[in-house]
Structure formats: C-alpha cells, structure tokens
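Novice: Let me begin by handing over the structure; questions about it come next.
The values are calculated or read from the model by the stated rules, or taken from the named source; none is laboratory data. As the structure is a computational prediction, the values presented were derived from the model and not from experiment. Note that we place each Cβ from the backbone using ideal geometry, even for glycine, and neighbour counts take in every protein chain shown. What goes into the accessible areas is simple: the full protein's heavy atoms, side chains included, and nothing from ligands, DNA or RNA. Shrake-Rupley method; radii C 1.70, N 1.55, O 1.52, S 1.80 Å.
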Amino acid sequence: MGLVARTLERVKPSPTMAITHKAREMKAAGFDVIGLGAGEPDFDTPDNIKQAAIDAIKRGETKYTAVDGIPELKQAIAEKFARENGLDYKPNEITVGSGGKQVLYNALLATLDPGDEVVIPSPYWVSYPDIVLLSGAEPVIVDTNLEDGFKITPKQLEKAITPKTKWFIFNSPSNPTGAAYTRDEIKALTEVLLKHERVWVLSDDIYEHLVYDDFKFSTPAQVEPKLKERTLTLNGVSKAYSMTGWRIGYGGGPAPLIKAIGTLQSQSTSNPCSISQWAAVEALRGPQDFLKDWVKSFQSRRDLIVSMLNQASGLSCPTPEGAFYVYPSCEGAIGKKTPKGQAIETDEDFATALLQEEGVAVVHGAAFGLSPFFRISYATGTEALEEAGRRIQRFCASLS
Ligand SMILES: Cc1ncc(COP(=O)(O)O)c(C=O)c1O
C-alpha cells in the first residue's frame, strides 16, 4: 500500500504556482528574471482596507467566527450582489471561505459523486479539472479556439452535456485568456442550460471588475433569473482589491448548497481568518474609486504587451476584454530551434527556452489545456513589461 491516496494520484500541483516559484528561485540565485507567471495584481492593498484589519485586531476580533462568515461580511456581500449584479441573496444564501478557491473546492467536493461529469471550457483555470478529479468525478473538457475569442459556443455546450453532467463551470473574464462574455453571449448559453434542468452552473466572477474599453460585465444568474436556483455565483476580494494573501472569497447560491459547503468547511478549516473578514467588509463597503485608476493602468499595459507580442515573429495575440492576462499563440515558433540547437516542439519547450535564454517566465498553454499558446500576466510594472516584450521579440527572432 503506497503512502499517497489513489485520488491524489489523479491530481497535479498547480503549474502556475510552480513557475512563479521557479522564477523566484532563479531571481534569488542572481539571475535577471522577469516573472510574468503570477496571477496577482502588483498593486498594494488600499490603506483603508489595511486600517480596517488593524482596527479589528485592536478590537480583539481574533477569535473563531461563524464557520461561513461573520454576519457583517455576509451583509456587505449581499449589498454588493444587489448593487453591482442586481442579485438578491439572503445571508443563508451566502458563504465565505478562505479564498474563492476554497469556496469552489467545497462546492465541488460537497456535490460531486464518482461518475458525475463537469463541463469545463478550455483553456481553463488550472484548478478546475484537478478539483473535479479530486472529488472522484470526471472533467469534460471542451476546447475553444482563438477564432471564437476562446469562448464556448452554445452548440459546443449542448453537445458536451450528458445525463451525467452535474456542473458547467463558467469563467468570465477568463483566466488564462482574459476573454469576457457579453450579455448576449451569456444569454445564448443560458438558453441551452435552461433545457437541462439537472445541470448546475458555477460562475466564477473573480475578475468582474477588471474589464476594459467600457465592456459591461454580466453574470448568468442575472442574465437568466430562472437559472439562479441552480447557480453558484463565485467571487472574492483577491483580484479587485489586491488582497490575494488575505484569503477571502465568497459565493451566493441556493440555501441547501450553501449549507452543504458550510458543513464541509466546518470539518476542515472552520472560519476564514477573522481579521481578513473585517478587512473584506471595508473592501466591499469602502470607497471604490481607486479601481478606476487600476483598470486604466491595466488597460494600458494590456495594449502595450499585445502590440509588442504581435510584432514578435511567429506570435499572434488577440486583445482580450478583461482580467490581466493575454494568451498569445506561439504556433509560428513550433518546429524551430534556438541558436543553441534546442528544438521547440511544444509550448512547454517554448516557455522553458524563453526562461533559460532571456529570463522571462510565462506559463505554457498545455497547463491550461489548450496548445500551442502561452499565458502572460501583465500585472507587473510597465518598465518590466516593456523589457519583457523586447526580450520575447529578441527570442522569437533568434529561432530558426
Ligand atoms: C479564475 C480564478 N478563479 C478563482 C481564483 C481564486 O482566487 P482566490 O482563491 O485568491 O480567491 C483565481 C486565482 O487565481 C482565478 O484565477
């Protein structure tokens, strides 16, 4: 009998975290590395949010709380859902976890049985299929393509649903492509979902606030209210408020699902950090105007990197609607060799050689389920981004 459980053998560690770690290690060893692998904003958490946490510590908010969130935070989340999404969730329809990742994990583990299927469009956030595998269920991957803007079509969704389908995981704006669905595009998908009454919808809205060029964000439960009774609307403070380390995520959904998530959480981590919860209350209720500046800054970085990538030989990069990622194709580099004679046969070869030759860390597309592409996170300073763009151009030009 081996040490590691059979279920865990189906799962791999997060490749994005592995790349970030490798880039950090190389930097610590003295190499000149530009890390474009991390999925977190480079801004600092706003001061009013930090102050709320300090105040909470001073008030002695340092004990166990209700497992799935303090009433004040649930209230602030209910107000947020009503204000920004036109969604009405009662406190017993809201759960708070240690990051959106925990809410997602608990929702899937609490509802999936072996043999169940989960439809996931690719490229996907790396955790979706692995959490499904951990639950003993089966991910059903649907490949999107660059021509469709990396968006699943209603036809593809219809084809992927079987009597075993339990969830459809929907992520807009998307990690890793930055693609965001318009209201009409969501409506077309909800038409399909309405026909399949047993299928639940998990809408991962974590990049909601990071949309550009006046794009208007929408979420399935808002676009099709009839779906709300089988939708989990997932969100969190990590990306919009630059609070990745505070670990607060939340979800709105039907009370029985929220209760099941709470049961699982009560037997694993218990409540999310009490201090972080008070910081999240301030994030959701405090001033939101800083976001406009962040979005402006992200948009100009996106435009910069997209333009530089499109000038690199063999690369082609669409302009995404949101998040802080771009997902260029490196098809034109496949089959070539580096000046040292290293063959570029896959997007992983491309990313590895780019790190070795030019010290630029990106994540290969295979990690997100769609090749030959790679993901760049442009949540980094403009100067570093420009330098990375130059290095990528030089690297591509050196291939023959
Ligand atoms: C698409 C997506 N969903 C959810 C999360 C989870 O974020 P957190 O657990 O920090 O709330 C991430 C983080 O990278 C993400 O990219």
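Novice: Tell me which of these residue 304 doesn't satisfy, since it passes every other one: (1) under 27 Å from residue 94 (Cα atoms); (2) open to solvent by 10 Å² or more (accessible area, probe 1.4 Å).
Specialist: Unmet condition: (1).
Novice: Still on this structure, I have one more. Which condition breaks for residue 273 when tested against (1) open to solvent by less than 10 Å² (accessible area, probe 1.4 Å); (2) within 16 Å of the ligand (Cβ to nearest atom)?
Specialist: (1)
Novice: Let me ask you something else. Report the residue count in the range 172-225 for those that are within 16 Å of the ligand (Cβ to nearest atom), under 17 Å from residue 128 (Cβ atoms) and either free of Cβ contacts under 8 Å to residues at least 12 places away in the same chain or open to solvent by 20 Å² or more (accessible area, probe 1.4 Å) (or both).
Specialist: 1
Novice: Go through the range 84-102 and give me each residue that's among the polar types (S, T, N, Q) and assigned to a loop (DSSP other than H, G, I, E, B). Break it down into steps so the answer makes sense when it comes.
Specialist: To start, the set of residues in the range 84-102 that are among the polar types (S, T, N, Q) comprises 85, 92, 95, 98, 102.
The answer is 98, and nothing else.
Novice: So, residue 317, is that one in contact with a helix residue (DSSP H, G or I) (Cβ under 6 Å, 6 or more places away or on another chain), under 18 Å from residue 211 (Cα atoms) and of a type in the set (A, V, I, L, M, F, W, C) or not? Before you say what the answer is, go through the steps one by one.
Specialist: Working: in contact with a helix residue (DSSP H, G or I) (Cβ under 6 Å, 6 or more places away or on another chain): yes; under 18 Å from residue 211 (Cα atoms): yes; of a type in the set (A, V, I, L, M, F, W, C): yes.
Against the criterion (in contact with a helix residue (DSSP H, G or I) (Cβ under 6 Å, 6 or more places away or on another chain), under 18 Å from residue 211 (Cα atoms) and of a type in the set (A, V, I, L, M, F, W, C)), residue 317 qualifies.
Novice: Right, here's the next one. So, residue 105, is that one open to solvent by 30 Å² or more (accessible area, probe 1.4 Å), in a helix (DSSP H, G or I) and within 16 Å of the ligand (Cβ to nearest atom) or not? Can you show your working first?
Specialist: Numbers: open to solvent by 30 Å² or more (accessible area, probe 1.4 Å): yes; in a helix (DSSP H, G or I): yes; within 16 Å of the ligand (Cβ to nearest atom): yes.
In short, yes.
Novice: Tell me, please, whether a residue that is under 16 Å from residue 241 (Cβ atoms) and either open to solvent by less than 90 Å² (accessible area, probe 1.4 Å) or not basic (Lys, Arg) (or both) can be found in the range 66-76.
Specialist: First, the residues of the range 66-76 that are under 16 Å from residue 241 (Cβ atoms): 73, 76.
If we keep only those that are either open to solvent by less than 90 Å² (accessible area, probe 1.4 Å) or not basic (Lys, Arg) (or both) as well, we get 73, 76.
Yes, because at least one residue in the range 66-76 is under 16 Å from residue 241 (Cβ atoms) and either open to solvent by less than 90 Å² (accessible area, probe 1.4 Å) or not basic (Lys, Arg) (or both).
Table: residues versus (1) part of a loop (DSSP other than H, G, I, E, B); (2) under 30 Å from residue 12 (Cα atoms); (3) open to solvent by 50 Å² or more (accessible area, probe 1.4 Å).
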residue	(1), (2), (3)
298	no, no, no
314	yes, no, no
366	no, yes, yes
376	no, yes, no
397	no, no, yes
400	yes, no, yes
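Novice: Tally up the residues in the range 247-259 that are within 16 Å of residue 66 (Cβ to Cβ) and open to solvent by 10 Å² or more (accessible area, probe 1.4 Å), please.
Specialist: 2
Novice: Given the conditions (1) in contact with a Lys or Arg (Cβ under 9 Å, 6 or more places away or on another chain); (2) more than 29 Å from residue 7 (Cα to Cα), and given that residue 83 satisfies all but one, which numbered condition is not satisfied?
Specialist: Every condition holds for residue 83 apart from (1).
Novice: I want to confirm something. Restricting to the range 328-344 and keeping residues that are in contact with a helix residue (DSSP H, G or I) (Cβ under 7 Å, 6 or more places away or on another chain) and β-branched (Val, Ile, Thr), which single residue is nearest to residue 374 (Cα to Cα)?
Specialist: It comes out as 344.
Novice: Pairs only if they're at least six apart or on different chains, beta carbon under 7 angstrom, first in the range 26-43 and among the aromatic types (Phe, Trp, Tyr), second in a loop (DSSP other than H, G, I, E, B) and within 14 Å of the ligand (Cβ to nearest atom); list them, first residue then second.
Specialist: 43/242
Novice: Additional query: Have a look at 159, 155 and point out the one that is touching a helix residue (DSSP H, G or I) at 6+ places or on another chain (Cβ under 9 Å), within 30 Å of residue 331 (Cα to Cα) and free of Cβ contacts under 8 Å to residues at least 24 places away in the same chain. Working first, answer last.
Specialist: Details: 159 fails: touching a helix residue (DSSP H, G or I) at 6+ places or on another chain (Cβ under 9 Å).
The conditions single out 155.
Let's see how each residue does on (1) under 27 Å from residue 233 (Cα atoms); (2) away from the ligand (no atom under 15 Å from the Cβ); (3) hydrophobic (A, V, I, L, M, F, W, C):
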| site | (1), (2), (3) |
| --- | --- |
| 12 | yes, yes, no |
| 15 | yes, no, no |
| 36 | no, no, yes |
| 61 | no, yes, no |
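Novice: So, one more: Does any residue in the range 240-256 that is at pLDDT 95 or above and more than 15 Å from the ligand (Cβ to nearest atom) come within less than 6 Å, Cβ to Cβ, of a residue that is open to solvent by 10 Å² or more (accessible area, probe 1.4 Å) and not β-branched (Val, Ile, Thr) six or more places away or on a different chain, and which pairs are these?
Specialist: 254/229; 255/92; 255/93
Novice: Next up: Determine whether residue 313 is touching a Cys at 6+ places or on another chain (Cβ under 9 Å), at pLDDT 95 or above and among the small types (Gly, Ala, Ser). Steps first, answer last, please.
Specialist: Numbers: touching a Cys at 6+ places or on another chain (Cβ under 9 Å): yes; at pLDDT 95 or above: yes; among the small types (Gly, Ala, Ser): yes.
Here the answer is yes, as residue 313 does meet what is asked.
Novice: On to the next question. Answer with yes or no whether residue 89 is out of contact with any Cys (no Cβ under 6 Å at 6 or more places or on another chain), among the hydroxyl-bearing types (Ser, Thr, Tyr), over 24 Å from residue 248 (Cα atoms) and more than 13 Å from the ligand (Cβ to nearest atom).
Specialist: Judged against the criteria, residue 89 is not a match.
Novice: Follow-up. Of the residues that make up the range 276-294, is at least one at pLDDT 95 or above, in a loop (DSSP other than H, G, I, E, B) and within 16 Å of the ligand (Cβ to nearest atom)?
Specialist: No.
Novice: So, one more: Determine whether residue 358 is free of Cβ contacts under 8 Å to residues at least 40 places away in the same chain, buried (at least 16 other Cβ atoms within 10 Å of the Cβ), farther than 30 Å from residue 130 by Cα and not aliphatic (A, V, I, L, M). Working first, answer last.
Specialist: Numbers: free of Cβ contacts under 8 Å to residues at least 40 places away in the same chain: yes; buried (at least 16 other Cβ atoms within 10 Å of the Cβ): yes; farther than 30 Å from residue 130 by Cα: yes; not aliphatic (A, V, I, L, M): yes.
In short, yes.
Novice: Cβ-Cβ under 6 Å, sequence separation 6+ or interchain: first residue in the range 80-100 and charged (D, E, K, R), partner within 15 Å of the ligand (Cβ to nearest atom). Which pairs?
Specialist: 80/284; 93/252
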